[in-house]
1. (1) of a type in the set (D, E, K, R); (2) buried (at least 22 other Cβ atoms within 10 Å of the Cβ); (3) modelled with pLDDT of 90 or more: which one isn't true of ASP158, the others all being true?
2. All but one of (1) more than 23 Å from ASP54 (Cβ to Cβ); (2) crowded, with 21+ Cβ neighbours inside 10 Å; (3) small (Gly, Ala, Ser) hold for SER141, so report the exception by its number.
3. Exactly one of these conditions fails for ILE242: (1) in a loop (DSSP other than H, G, I, E, B); (2) closer than 19 Å to LYS128 by Cβ; (3) at pLDDT 80 or above; (4) hydrophobic (A, V, I, L, M, F, W, C). Give me its number.
4. Scan region 83-95 residue by residue and report those that are open to solvent by 10 Å² or more (accessible area, probe 1.4 Å) and closer than 28 Å to LEU59 by Cβ.
5. Among the residues of region 124-164, which ones are among the acidic types (Asp, Glu) and more than 21 Å from ASN81 (Cα to Cα)?
6. Which is free of Cβ contacts under 8 Å to residues at least 12 places away in the same chain, in contact with a helix residue (DSSP H, G or I) (Cβ under 8 Å, 6 or more places away or on another chain), hydrophobic (A, V, I, L, M, F, W, C) and open to solvent by less than 70 Å² (accessible area, probe 1.4 Å), of ALA55, ALA60, ALA74?
Amino acid sequence: CREVEQLKTTYNEMTDDINDLVKRVTEDEKFKRKVELKILYEQIKPHFLYNTIDALTYLALTGQNEELCNSLEAFGGFYRNLLSKGRDVIPVKNEIEMIKDYLDLQKLRYGNEISYEIWVDEEISNFKVLKMILQPFVENSIIHGFKGMEKCGVLRVDIFLSETGEKVNIIIEDNGKGMPGEISEAFNSREQAIKDGGSSIGLHNAFARMDMYYGKEAVWNVNSIEGMGTVITLTLPSHTVIPDNAETIPGGGNNL
């Protein structure tokens, strides 16, 4: 009888552990779906579409055919890379193409008020990276960093391998208005960065998405000075920015 009672107790404990595990997995999946839905919304924001279509219409009405053709190519290229046949990761070179198209479309609205420079180490141009990893940071610079500035807003993006080859560094730098110290410090706290605090939602989503796919191996730093600009550094282990023939992100738990 004692053995039966012990077996019963062990079985009940095991059942409780399984139920707890199922609950945690369910909560993780709900969080993942929530983040993915938010990032999807960020990707197809109506105001970006409306502003772009308005700008294209203006080019057509004013007979600026060459500019219209170039802008339509950028518009198509942006959404072609955005869709990427449903893939979650794309080659670095495609991510950069998408960002260039996005910035060229934004220049239809802002003109010479913004400019950009992008440099990518050729060695990693065919490696794969989480899709849309750059766009939220670039958009934040344009929408918030450059808003109301009298000088031209300059954005620079650099992507390169570390000297040891073990890390991939992504640096997004702007000369915008910067952030208050308490905000940049909050983004440097992993827990606060991935939490939707109701402000800077695009950046919260970006950090949460990185954390969801890469886990603790993804590291970031936000360095911002009010009135001078912001530098955001993303560091990923090189084995998670994977070669062109790879099928999954190790440890990411997500199929391509």
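1. (2)
2. It fails just one condition, (1).
3. Only one criterion in (1) in a loop (DSSP other than H, G, I, E, B); (2) closer than 19 Å to LYS128 by Cβ; (3) at pLDDT 80 or above; (4) hydrophobic (A, V, I, L, M, F, W, C) is unmet by ILE242, namely (3).
4. Once the filter is applied, which keeps residues that are open to solvent by 10 Å² or more (accessible area, probe 1.4 Å) and closer than 28 Å to LEU59 by Cβ, region 83-95 yields LEU83, SER84, LYS93, ASN94.
5. GLU150, GLU163
6. ALA60
Let's see how each residue does on (1) among the basic types (Lys, Arg); (2) part of a helix (DSSP H, G or I):
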site: ILE90; (1), (2): no, no
site: LYS93; (1), (2): yes, yes
site: ILE99; (1), (2): no, yes
site: TYR102; (1), (2): no, yes
site: LEU108; (1), (2): no, yes
site: ASN126; (1), (2): no, no
site: MET132; (1), (2): no, no
site: ASN140; (1), (2): no, yes
site: ILE143; (1), (2): no, yes
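The values are calculated or read from the model by the stated rules, or taken from the named source; none is laboratory data. This is a predicted model, so every value here is computed, not measured. Don't worry about glycine lacking a Cβ; one is built from the backbone with ideal geometry, like all the others, and counts go over all protein chains shown. Only protein heavy atoms, including side chains, enter the accessible area calculation; ligands, DNA and RNA are left aside. Shrake-Rupley method; radii C 1.70, N 1.55, O 1.52, S 1.80 Å.
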